[in-house]
Structures are given as structure tokens and as C-alpha cells.
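Everything on this sheet refers to the single structure shown next.
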Amino acid sequence: MEVDDQSPVIEPLAAVCRAYQASSQLLTIEGVQRSRGIAAMAQALQDNFNVILEANTLDLEASREMAIPSVLLEWLRLTPERLQSTIQILRRLGQLPDPIHQAMTTKHQVREAQSYKQLVPLGTIALIYEALPDIASITAGLCLKTGNSLVLRGGSEANNSNQAIASALQTGLEKASLPIDTVQILPAAQGSSIRELVTQERYLSLVIPYGRPSFVQQVMQQSTAPVLTTAIGNCYLYWSVKGNLDLVRWMIMDSHSSEPDAVNAIEKVLITTHHKPSALTLLWNNLKDKGFEVRGDADLVAQFPEQLKPVADIEWSQPYLKKVVAFKVVDDLPGAIAWINRYSSCHADAIATDSYAESREFNLKVDSASIYINTSPRFYRAVEHSPSVFLGMSNRKGVRRGLIGVDSLTTTKEVIQGKG
């Protein structure tokens, strides 16, 4: 399944306008029908299962010849298990209650009138993403659940996969008698410009970039529409001397278990001089046995030259996005907090300690979207026995920081109703 080079080029403005018009239609469509649309999109993915995997195989073969980074290859690889998981996530989304138009009381009341707030859609959302073809389906489901339209702009490395998935999603919309323009795709192979898309602030309510930090930063700098940034990697763990070794080992390893993108993987560990060398060596050997590369700051490398590889200064503020963990010595908990606030990605940071006072201080003073105390920060798109579905994690203040889910794609409308 290859992209037809003779197909008409889709201009960003035209795609955004069609999606914008579809978002207006969605305002009057009941939640039950939108839920049916999500179920129909899931079924369309199921019906086109092999077609999508074949398209992904073409992308993988082409990408190997292009020598794209290994992390993108891993994100690009769409296994049957990943695709089936995506279908299950969509089906779960379709079963959730309708979040739109829920009424909420307000403290402020106007005299001789009643005031209340309603959750309403944002409007038109653009997802700009690297590899990760399955992320388009999850975003489409979240958008339809919240009454938003979606414009997709994936990377050229996943062009065939993205086209096959978008086609299936639109088929599902059509079968559910919903506006097919609810999901638009701008093929990267046709040379559609990201800048042209993200500067359509008249029609776009939100831009969500998803990929490596440099990619997210590039989109954010170009966009004139509001941006909900996603964050991946460079999460810190402070291992207190009062923390359990077995717990720390599990927290690190489990945090790297999310597939295909280990969003909240612990890549940096802060320790103090009070840790026993035997405990450190045991942890490092355990990590190496599981395929991790272990690095350390200058002091640790000097003390354990055969165990650790040196860390360059720039690495403390950058994610590895692979199974690498770097260790650094700090003076104490306040030193760890100051270091994390300066160098982490500020979306998910953790502490391992048996001290309530330490965990409380860490929670109060670390300026991150999510704090994990004595538990793995592993990211789940859909948690078992929980109705929630999440696209990713945001570290951006001023928008919706934290987990990106249904709530992140809505806003509020205040209604003041008088007696005439």
C-alpha cells in the first residue's frame, strides 16, 4: 500500500478549514453518537488490521535505508500487539461517559440569576508527531469523545502507516454517519509545511506536538496557536539513604517498561555520599544484567572507573530515550531538589525514602507536573481497572499540565441565566 504520488496535494489551510467546519457540526451531535463513532473507528482499524501492518512494513524498510535514529525506528515499529492495544483503548474510550456539557456549580452568583459552568470542546486540534503511527488513533478517539475535530501531520518516516490509519478512521466516521472531515491528515510526503499548519490560529484551538524534545521545541517556536507540549524522558529519581535498594531497582526498571515510548523512564538518579559502595555496585550490576548502560559523574567515575562511563555536563538536562541511567552525587535532599528543578524535564520526578518528612519536602518543593513517592513513574496510556485514557504527559504551565486526557481537550463556558 503506497501513497499515490498523483493524488492532489492537500494544503494546510484547506485541511484546517474543513476540520474547523466539522467541529461546528460536532457541537450539535449527541455524546451517544460520538461514542458510536469511536467504536466504529476501532472496528475500522480491526477490519484493516493487515493493511495497516503492511503499510508499516513499507515504512520500516524505507526508514532503514534512510538511516533514521534508532529511537524513531522503535517508535515506528507497529507490532500486532501495539495495534490491538490501540483498538482496545478506542473501545474503552467509546464506553466512557460523555464529558461534554456537564454542568458545574460556580461560587460566583449574579443577583436574581443562576450561574453555572459547562464543559465544552476546544474546537479544532492539530497533532504533529514523529513516528508513533498509533498515537493518531488514540488522539482521534480523545478528540471525538470531547467533540473536537483533528488535523494529523505525521513524519515522513511513517507516511504509509499514517495514511492507512487515517483512511480507516475516516471510514469509521462515515459508517457512524459523522462528519468525515472530523479527522484530516496532511501527508508529509506531499511536502505540507508544519509552519503553515501551526500558524492557522484563527481556526486551530490547540497544537499538540509529540516526539523528541528538539522536535517539540521546534513546533512550539513556530506555532502562533496555543501549544500543549508533551515531555518524554529525563526524569529524575532521588534515592535517599533512607530508601530501600530493592524498591529503587524496581522503580528504575519498571519505569522503562512502557512501550513503545517510555515517557516517564527514570534516566537520572541522585544519591549522597552516605550510600554504601556495595549497594551501588549491586544496583549497577543488576541494571547491566537487564541491558542498561550505567554512567556517573566525575566523582563516581573516579571511585568506580570499571563500573561507570562518564557523563558529559550537557547530558543532565537532556533525555537519553534509551536504556541509559546516569548517577550523580549531591550533598543532601535540598541539593537534590535544586538540581532536579534546574535540570529535569519537570514532568515526572520521583523519590525513594522511608522518611515522611523527606517525601513531604520533596513533594512541596520539586516543581514538576507529577511527583512519585516510593512508586514507579511508569506511564500507562490506559490503566487496567481505570476508565481513564491518556495521550501523554505535559510539563507546560499555563495550559493543562500533567496527564493529557479527556479533561485536557475541553474548556469551560460560564452561563448566567436570569428570570427575564
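The values are calculated or read from the model by the stated rules, or taken from the named source; none is laboratory data. Model, not experiment: these values are computed from the prediction. Here Cβ is always computed from backbone atoms with ideal geometry, including for glycine, and neighbour counts include all displayed protein chains.
Worth a mention:
- Taken residue by residue, the stretch 77-89 has at least one member that is assigned by TED's automatic domain parsing to the domain that holds Pro209 and closer than 26 Å to Gln217 by Cα.
- Within the stretch 153-172, the set of residues being surrounded by 24 or more Cβ atoms within 10 Å (Cβ to Cβ), among the aliphatic types (A, V, I, L, M) and touching a strand residue (DSSP E or B) at 6+ places or on another chain (Cβ under 8 Å) comprises just one member, Leu169.
- For the stretch 355-398, the set of residues classified as over 13 Å from the mean Cα position of the chain (by Cα), within 29 Å of Ile87 (Cβ to Cβ) and modelled with pLDDT under 90 consists of Val383, Glu384, His385, Ser386, Pro387, Ser388, listed by residue number.
- Members of the stretch 177-213 that are surrounded by 22 or more Cβ atoms within 10 Å (Cβ to Cβ) and part of a loop (DSSP other than H, G, I, E, B): Leu178, Leu186, Gln200, Leu204, Gly211
Condition check ((1) more than 24 Å from Ser370 (Cβ to Cβ); (2) buried (at least 21 other Cβ atoms within 10 Å of the Cβ); (3) not assigned by TED's automatic domain parsing to the domain that holds Thr199) across all residues:
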residue: Gln221; (1), (2), (3): yes, no, no
residue: Leu247; (1), (2), (3): no, no, yes
residue: Leu270; (1), (2), (3): no, yes, yes
residue: Pro277; (1), (2), (3): yes, no, yes
residue: Leu283; (1), (2), (3): no, yes, yes
residue: Val294; (1), (2), (3): yes, yes, yes
residue: Val301; (1), (2), (3): yes, no, yes
residue: Asp313; (1), (2), (3): yes, no, yes
residue: Leu321; (1), (2), (3): no, yes, yes
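- The set of residues in the stretch 400-420 that are buried (at least 16 other Cβ atoms within 10 Å of the Cβ) and at pLDDT below 90 comprises Arg400, Arg401.
- For the stretch 72-79, the criterion of a residue being assigned to a loop (DSSP other than H, G, I, E, B), crowded, with 16+ Cβ neighbours inside 10 Å and touching a Ser or Thr at 6+ places or on another chain (Cβ under 7 Å) is satisfied by at least one position.
- Inside the stretch 323-348, residues that are touching an Asp or Glu at 6+ places or on another chain (Cβ under 9 Å) and either surrounded by fewer than 18 Cβ atoms within 10 Å (Cβ to Cβ) or not small (Gly, Ala, Ser) (or both) make up a count of 12.
- Within the stretch 120-139, not a single residue is farther than 30 Å from Thr57 by Cβ and assigned to a helix (DSSP H, G or I).
- Which numbered condition Ala55 fails, given (1) within 27 Å of Met393 (Cα to Cα); (2) crowded, with 17+ Cβ neighbours inside 10 Å: (1)
- Enumeration of residues in the stretch 369-398 that are of a type in the set (A, V, I, L, M, F, W, C) and either surrounded by 14 or more Cβ atoms within 10 Å (Cβ to Cβ) or closer than 20 Å to Tyr236 by Cβ (or both): Ala369, Ile371, Ile373, Phe379, Ala382, Val389, Phe390, Leu391, Met393
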